Amino acid sequence: MSRRVPHGRGGSRRIAVVLSVIACGSLLVSCGDDSGGDSGSGTVSPRPTPPDSSNFTGSPPSAIASAASSIIESASGRASSAAASVSARASEFAASVSADTARAAATAEKQLKNVQGSGNATSDVSMTGLPTAETGGLRAVVVTITNRTDKTASYAVQVDFKNPDGKVVETAFVGKENLEPGKKAQPVVISRQPAEPQLTPVLAKAQRY
């Protein structure tokens, strides 16, 4: 005959074994999770460091080189344009003066050829220098002629440009024909000498005829 184990005691033993297995399994799972979690959270990514520029060799990037070249070319272009503009203003100023005074200058020179001394009309003439900014860098003088008589008269004027030593290095002539009583004329004389050394315009002769 087979022998039976009482139901109550055997059932309790099996339940205890099952609970033990479940508890150990849970403990293993928990330990595995904690280990994985610690491993993941303990890992630190290194920060990237910039490269040492002192080790670089070769030419700068083409874009930078191109930009620098453009800046240099632009500055050179502006300088050339400014110089050309000044030269153009000087030419225009000289041309306008020459057109107005060429014939009068020739007449004045002819009239003063045989005049002795400073002439009879120096008190009727005054001179004022023009700023070089207005003349394109040229040395120019406005000669103001005033007819102080009661009759129409013509005038011839000679202007000498002297260097610092007092030597005459250039002579210019201007004049005005048929100037009415009490009226003024303001012809301009231009020096063709270099800007240096500094020259001084001097009224040499003035003749009323």
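The values are calculated or read from the model by the stated rules, or taken from the named source; none is laboratory data. The structure displayed is predicted, hence computed values, not measured ones. Cβ placement follows ideal geometry from the backbone for every residue including glycine, while neighbour counts extend to all protein chains displayed. The area values use the complete protein model at the heavy-atom level, side chains included, leaving out ligands, DNA and RNA. Shrake-Rupley method; radii C 1.70, N 1.55, O 1.52, S 1.80 Å.
On average, how much area does the Cα convex hull of segment 126-209 cover when viewed from any direction, in nm²? Before the final figure, lay out each step's value.
Values: hull surface 21.9 nm².
That works out to 5.5 nm².
Pop out the ³J(HN,Hα) list for segment 140-156 in order, Karplus 6.51 cos²θ - 1.76 cosθ + 1.60 with θ = phi - 60°, rounded to Hz; leave Gly and Pro as x.
9, 10, 8, 9, 9, 10, 10, 7, 8, 8, 9, 10, 5, 9, 10, 10, 10
Among 183, 205, 151, 113, what's the order by accessible area (1.4 angstrom probe), most exposed first? Walk me through the intermediate numbers first.
Details: 183 105, 205 40, 151 145, 113 165 Å².
Ranking 183, 205, 151, 113 by accessible area, largest first, yields 113, 151, 183, 205.
Just how large is the dipole of segment 139-204 about the Cα centre, in debye to the nearest 20, putting +1 at every Lys and Arg Cβ and -1 at every Asp and Glu Cβ? Can you show the working numbers first?
Details: 9 positive and 7 negative charges, 31 e Å.
Charge dipole, segment 139-204, about its Cα centre: 140 debye, nearest 20.
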